[in-house]
Amino acid sequence: MERAAAGEKFCPSEHQHLRRNPLRDDWVLVSAHRMRRPWQGQLEKPPQEDVPRCDPANPLCPGARRAHGEVNPKYESTFVFDNDFPALQPDAPEPDADDHPLFRAASARGMCKVMCFHPWSDLTLPLMSLAEIRAVIDKWTEIAVELGASYPWVQIFENKGAMMGCSNPHPHCQIWASNFLPNEASLEDRTQQKHHRERGVPMLLEYAQLEAERKERIVVENADWLVVVPYWAVWPFQTLLLPRRHVCRLQDLRNGEKDSLASIMQRLLTKYDNLFQISFPYSMGWHGAPTGPYLNADCSHWQLHAHYYPPLLRSATVRKFMVGYEMLAQAQRDLTPEQAAERLRNLPEEHYRLDRKEAA
């Protein structure tokens, strides 16, 4: 790379710089000029697209038998069951105490559920109808209320695609409830509380208003929601889904906001798939105010939001790896958030697979 000339004006897409993530109170190094380097690294195998609609051997399909012998009902919408291999269980003994501060342990209890979005294995959220996506949102809300009655944290998350460790192509997510606040939740609680104390407004409500005005990082928006590639994004096409009004938890959404959420999710995920014309891999999850003992506490500093973390960088076969500098120093990205947002924003909202069916 050539050295910058004296007096040269800073350009985010040309010159490396740091951006602060106020949610995590850390920094990301942006080095957009690196996108010009040739790629000689690992190439991923494009995801399988000929998934059978119903495979009796698939343990998530209606009527299929699961690992421990349970048989799924012939469900026609969403279906929720207790994870057959849970990371958290309701009952576990307390860990032994150690009198040295370098060897601390604490109890971990909870529940893990699996939620199927649809009975068909060959569908993903962007290919489902708005009514079907709304049913998913309603079930998310129902489980968040049910588990949140006693557990401080209910984490709804979806790992989509083998690249993100998903071992089953059937459309589904997981929901883990815990008797503790996980690291990311604790960190976001602390940073949002500090921002609210200093500025008198929820951090992500203020942020959404600023992004709505500036427009440069918006991917899709409607009357109730907006999706941006956040100013501090780490993953190449990372997005943040935000409500326009102050909402603490999923269960605080109005009916109309749930309808518009279904719509904006469909639009975003269609753009994701259209970017490289594949079923786009990602990990996503909802963050909202803690529950359980926090339900009667002041959580006005919280703002409901969803994170989407897709790994792909240059194409369907080239991904971003968090290694080396990222593991040992700090996060680094090559594509600026503004460039990523523009690419996503300019994509069509008609799913590429629907175009193929019409052409056939």
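Report the label-to-label distance for Ala329 and Glu146 in nanometres (one decimal), using points 7 Å from each Cα along the Cα→Cβ vector.
Result: 4.8 nm between the two label points.
Can you give me the Kirkwood hydrodynamic radius for the range 93-238, using every pair of distinct Cα atoms, in Å to one decimal?
Working: mean 1/r = 0.0534 Å⁻¹.
That comes to 18.7 Å for the range 93-238.
At 1.4 Å probe size, with the rest of the protein present, what percent of the exposed accessible area of the chain is carbon and sulfur atoms?
Numbers: 9230 of 17900 Å².
Percent of accessible area from carbon and sulfur atoms in the chain: 52.
What is the distance in Å between the Cα centroid of the range 77-96 and that of the range 177-213?
Comparing the Cα centres of the range 77-96 and the range 177-213, I get a distance of 28 Å.
If you wrap a convex hull around the C-alpha atoms of the range 248-292 and split its volume per residue, what is the figure in Å³?
Values: hull volume 3.7 nm³, N = 45.
Dividing the Cα hull volume of the range 248-292 by its residues yields 82 Å³.
Would you mind checking the pairs Lys215/Lys258; Lys160/Lys215; Lys9/Lys194 and listing those with alpha carbons more than 32 angstrom apart?
Details: Lys215/Lys258 24 Å; Lys160/Lys215 28 Å; Lys9/Lys194 34 Å.
Correct reply: Lys9/Lys194.
Take the Cα coordinates of the range 217-360, assign each an equal point scatterer, and use the Debye formula without solvent to give log10 I(q)/I(0) at q = 0.18 Å⁻¹.
-1.08
What does the accessible area per residue of the range 124-173 come to in Å², with a 1.4 Å probe and no ligands, DNA or RNA counted? Don't jump to the answer; show the numbers that get you there.
On the way: 1780 Å² over 50 residues.
Solvent-accessible surface per residue comes out at 36 Å².
Given charges of +1 on the Cβ of Lys and Arg and -1 on the Cβ of Asp and Glu, with all other atoms neutral, how large is the dipole of the range 104-257 about its Cα centre, in debye to the nearest 20?
On the way: 17 positive and 18 negative charges, 86 e Å.
Here the size comes out at about 420 debye.
Choose one of Val145, Gly63, Leu23: the residue whose Cα lies farthest towards the positive end of the charge dipole of the range 13-168 (beta-carbon charges +1 Lys, Arg; -1 Asp, Glu; about the Cα centre).
Farthest towards the positive pole: Leu23.
For the range 72-221, build the charge dipole from Cβ charges (+1 Lys, Arg; -1 Asp, Glu) around the Cα centre, then report which of Leu205, Cys166, Gln193 sits farthest towards its positive end.
Result: Leu205.
Among His15, His68, His100, which one shows the highest mean-square fluctuation when the chain is modelled as a Gaussian network with alpha-carbon springs under 10 Å?
Answer for the Gaussian network model of the chain: His100.
Using +1 on the beta carbon of Lys and Arg, -1 on that of Asp and Glu, and nothing else charged, what's the dipole of the chain about the Cα centre, debye to 20? Walk me through the numbers before you get to the answer.
Values: 42 positive and 47 negative charges, 192 e Å.
Roughly 920 debye for the chain.
Any idea which of His301, Gln330, Pro290 is furthest toward the positive side of the dipole for the range 289-340, if Lys and Arg beta-carbons carry +1 and Asp and Glu beta-carbons -1?
About the Cα centre, the residue reaching furthest to the positive side is Gln330.
Under a Cβ-Cβ cut-off of 12 Å, what is the net charge of the residues other than Gln238 that fall near it, where Lys and Arg count +1 and Asp and Glu count -1? Could you put the intermediate results ahead of the total?
Values: positive: Arg217, Lys320, Arg333; negative: none.
Every neighbour counted, the sum reads +3.
Relative contact order for the chain using alpha-carbon pairs under 8 Å, separation at least 6, rounded to a whole percent?
On the way: 677 pairs, mean separation 75.8, N = 360.
Once divided by the residue count of the chain, the mean separation gives 21 percent.
For the chain, place one equal point scatterer on every Cα, skip the solvent, and apply the Debye formula. What is log10 of I(q)/I(0) at q = 0.11, 0.12 Å⁻¹?
-0.83, -1.00
The values are calculated or read from the model by the stated rules, or taken from the named source; none is laboratory data. Note that the structure is predicted; figures quoted are calculated from it, not measured. FYI the Cβ positions are ideal-geometry reconstructions off the backbone, even for glycines, and counts take in every protein chain you see. Protein only, heavy atoms only, side chains kept; ligands, DNA and RNA dropped before computing areas. Shrake-Rupley method; radii C 1.70, N 1.55, O 1.52, S 1.80 Å.
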